[in-house]
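Here's the structure we're looking at; comments come further down.
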Amino acid sequence: MRATGGTRAGVAALMLAAAVGVAAGAAPAARAAENGHVEIPRQKWSFSGLLGKFDQAQLQRGFKVYVEACARCHGIKRIAFRNLVQPGGPGFSEAQIKSLAETYKVDAAPNEQGKVVKRAAILSDLFPPPFKNDNEARSAQASGALPPDLSLIARARSVESDAPFYRVPLNMLRDIFTGYQEGGADYVYAFLEGFKPPPDKVTVPKNMNYNEAFPKPHFTGMPNPFVAGDGLIKYDDGTPGTVDNYVRDVVAFLSWAADPKLEERKRIGLLVLGYLLITAILLYFAKRRIWSKVH
Amino acid sequence: MAAHESTFQPTSRTGKWLDERLPLPRLVHGQFVDFPTPRNINYLWSTGGLLAFCLGVQIATGIVLAMHYVPTAADAFNSVEAIRRDVNYGWLLRNIHAVGASFFFLAAYIHIARGLYYGSYKAPREILWILGVVIFLLMMATAFMGYSLPWGQMSFWAVTVITNLFSSIDAVVPGLGTRIVEWLWGGYSVSSATLTRFYALHYLLPFAIAGVVGLHIWALHHVGQNNPTGLDIKSTSDAVPFTPYATIKDVFALSVFVLIFTWFVFFLPDYLGHADNYIEANPLSTPPHIVPEWYFLPYYAILRAIPDKLLGVIAMFSSILLLLFVPWLDTSRVRSAKYRPLYRLFFWLFIGSVLALGYLGSKPPEGAYVWWARVFTAYYFLHLLVVLPIVGVLETPKTPPGSITEAVLGKAGKAHVSTGGKS
């Protein structure tokens, strides 16, 4: 057994590596070749990696940016007011959010005459959408494009890669070992920073905007929300009101909105990993001891 | 079941009483304690246990998810989001179930590759192998229908593309393909009716899988396990009792498997999926590239490699159905590739082709990608239809050792162990 142990382990390792290889090859790189794309650089996020956590102050600022710069066209229909109070989120106080909710009007249950009247929102209500329906949302835009709901946007986007095939397994292993899950955040960041003057030969169609992160031909119906530049939004916590801060903060907020259980997930994940690691080590020695009788 | 003497001795009075009426403990003892296991099996033989574990996990998490999931086009996506956000530990159940499907296939592919390498399909294990292929087909159907349930963009368009494949039958019997597709859909397009029936079948099929797994294990325990030498158990020194030897080995393998599984569940839950599936299904907007989950990519590449739709569909299905005939396509008298240097080379070419097809399946079907997909598709079929029969005849295999014990300890060790010595 000893003599062939090496080859056997080798075969096993190869098969596993091969299988993991196929496993991971799937998702990325689907859209890249057809549309072409700009290299989307990876950003540093407080919530990335094994020990990642949201920065509460950043989520609070991001929420302010969302409300002031995005909410006029984009809803966050899967977020309830209560979510802003819950642990693992922006951590506003209940009183703060109660009074915030009161500024929003939602449909009440039909009254005795069957009329639907408006009432002030309460903690358990979802954020009311900015438009009654998609058609109203489209007609309110110069481009006629539908502004998507942002509850899941940081999960519904990814960074595509055009890496040559021999780089793909290495890239996959790197992403697996580092636990890279922030492709969506990186894309949304690049998109919000991507409103640049078009190159000389490019004519941007009427009511469209040039954005270098948007898939080719880089025309999006969305105008740059931060066109007014630094100082557009006043932060309450003394953080400089720069466009880069607005973008980082709102992307952090949207990442939380798309994955509000991230902190709980990583906390429990660490415990489970530790428990399994110890179990696996103990089982390994138990196995060696039992098998020593036959070897 | 396997022909070995039962050493089961019920000790308590209830134990004896039960043994005379329903000898279930005797069965379990005979099959999972006493069962003679080749002493030389490696960790690739733990994949069977891993697969049983995966099936159990998918059924257990699936049943709880079913309590919260709403199978209608209007609410499916919302209910999955509610599970992620509002159900207690719903995010955990949903991650385990989604990542679990991937790991189920990962273990299955290693299990199948092991069978191909060590000739585990050869007599007397043909039925065992065929049952395995049946389980694999059921798994694919279950996974495909399960992937439709979140009703995201990829779910919706994957269902549209795959169900539409049946319309290729129109080329043979005009109208029949369309009828089959409408019958699958429950209407004239992929709709709520399609989702509901897929949900019902997605809940049903795992129990069918469990049934065939029962037969698979029965057949396995009747003929005994194969092992890296491909030799049969000839003497008591060739085997060790299943418990504690195989049990502890399998449990250790399981702990490592679950460790990797955990990494994905807690830290990379979306890595194996597609971002587009976080966009609610929209029949009016086709994603730029429709790709299936990773475990279907090689077959997707085969489908798209062939320019004719009907022939592509036939190639795709026959690439899996051909596996049923592998026990008879392989003409070699020696089981294990360990003693078949020429076959071993072709085996790795075959594995390489499947991996390459997986990569190509994720790429758009254009230019060089299509040509390479054709090359590897050609090899896939050549391997099964030509290489397996011919190499078995042409090749002069190396002489396997006289017995499993000899393979483990060398000739000198044989006497040493059979006298019961401890080494």
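Test B:GLY146 against the criterion of being buried (at least 21 other Cβ atoms within 10 Å of the Cβ), more than 14 Å from every other protein chain (Cβ to nearest Cβ) and modelled with pLDDT of 95 or more, and give yes or no. Judged against the criteria, B:GLY146 is a match. Hey, does segment B:43-52 have a residue that's aromatic (Phe, Trp, Tyr), touching a strand residue (DSSP E or B) at 6+ places or on another chain (Cβ under 9 Å) and more than 30 Å from B:PRO298 (Cβ to Cβ)? No, segment B:43-52 has no match at all.
The single condition among (1) farther than 25 Å from A:ALA280 by Cα; (2) at the interface with another protein chain (Cβ under 9 Å from one of its Cβ atoms) that B:PRO283 does not meet is (2).
Rundown of residues vs (1) within 14 Å of another protein chain (Cβ to nearest Cβ); (2) under 30 Å from B:SER155 (Cβ atoms), yes/no style:
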| residue | (1), (2) |
| --- | --- |
| B:PRO292 | yes, yes |
| B:LEU311 | no, yes |
| B:PHE317 | no, yes |
| B:VAL334 | no, no |
| B:ALA337 | yes, no |
| B:VAL354 | yes, yes |
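Restricted to segment B:365-378, and to residues there that are part of a helix (DSSP H, G or I) and surrounded by fewer than 19 Cβ atoms within 10 Å (Cβ to Cβ), the residue that is farthest from the other protein chains (Cβ to nearest Cβ) is B:ALA378. Can you pull out the residues in segment B:379-399 that are outside any loop (DSSP other than H, G, I, E, B) and of a type in the set (Lys, Arg)? None; the set is empty. Selection within segment A:240-282: residues that are surrounded by 22 or more Cβ atoms within 10 Å (Cβ to Cβ) and acidic (Asp, Glu). The member of this set that is farthest from A:GLN56 (Cα to Cα) is A:ASP259.
Looking across segment A:110-158, the residues that are more than 14 Å from every other protein chain (Cβ to nearest Cβ) and in a strand (DSSP E or B) come down to A:LYS118, A:ARG119, A:ALA120.
Exactly one residue among A:LEU254, A:LEU282, A:LEU273 is at the interface with chain B (Cβ under 7 Å from one of its Cβ atoms) and in a helix (DSSP H, G or I), and that residue is A:LEU273. Filtering segment B:50-59 for residues that are closer than 21 Å to A:ALA258 by Cα, in a helix (DSSP H, G or I) and within 14 Å of chain A (Cβ to nearest Cβ) leaves an empty set. For segment B:261-317, a residue qualifies if it is under 26 Å from the mean Cα position of the chain (by Cα) and among the basic types (Lys, Arg), and exactly one does: B:ARG304. Checking the stated criteria, A:ILE76 turns out to be at pLDDT 95 or above, out of contact with any Cys (no Cβ under 7 Å at 6 or more places or on another chain) and in a loop (DSSP other than H, G, I, E, B). Candidates are the residues of segment B:231-254 that are of a type outside the set (A, V, I, L, M, F, W, C) and surrounded by 20 or more Cβ atoms within 10 Å (Cβ to Cβ); the one that is nearest to the other protein chains (Cβ to nearest Cβ) is B:LYS249. Restricting attention to segment B:66-78, the residues being in a helix (DSSP H, G or I) and surrounded by 20 or more Cβ atoms within 10 Å (Cβ to Cβ) number 2.
Rundown of residues vs (1) surrounded by fewer than 20 Cβ atoms within 10 Å (Cβ to Cβ); (2) basic (Lys, Arg); (3) under 20 Å from the mean Cα position of the chain (by Cα); (4) over 25 Å from B:GLY361 (Cβ atoms), yes/no style:
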{"site": "A:THR178", "(1), (2), (3), (4)": "yes, no, yes, yes"}
{"site": "A:GLY183", "(1), (2), (3), (4)": "no, no, yes, no"}
{"site": "A:ALA190", "(1), (2), (3), (4)": "no, no, yes, yes"}
{"site": "A:PRO199", "(1), (2), (3), (4)": "yes, no, no, yes"}
{"site": "A:ASN207", "(1), (2), (3), (4)": "yes, no, no, yes"}
{"site": "A:GLU212", "(1), (2), (3), (4)": "yes, no, yes, yes"}
{"site": "A:PRO223", "(1), (2), (3), (4)": "yes, no, no, yes"}
{"site": "A:ALA228", "(1), (2), (3), (4)": "yes, no, no, yes"}
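The residue of segment B:90-129 that is nearest to the other protein chains (Cβ to nearest Cβ), among those that are among the aromatic types (Phe, Trp, Tyr) and in contact with a Pro (Cβ under 7 Å, 6 or more places away or on another chain), is B:TYR118.
The values are calculated or read from the model by the stated rules, or taken from the named source; none is laboratory data. From a predicted model like this one, the values you see are computed outputs, not experimental measurements. So basically every Cβ, Gly included, is an ideal-geometry build from the backbone, and we count neighbours across all protein chains shown.
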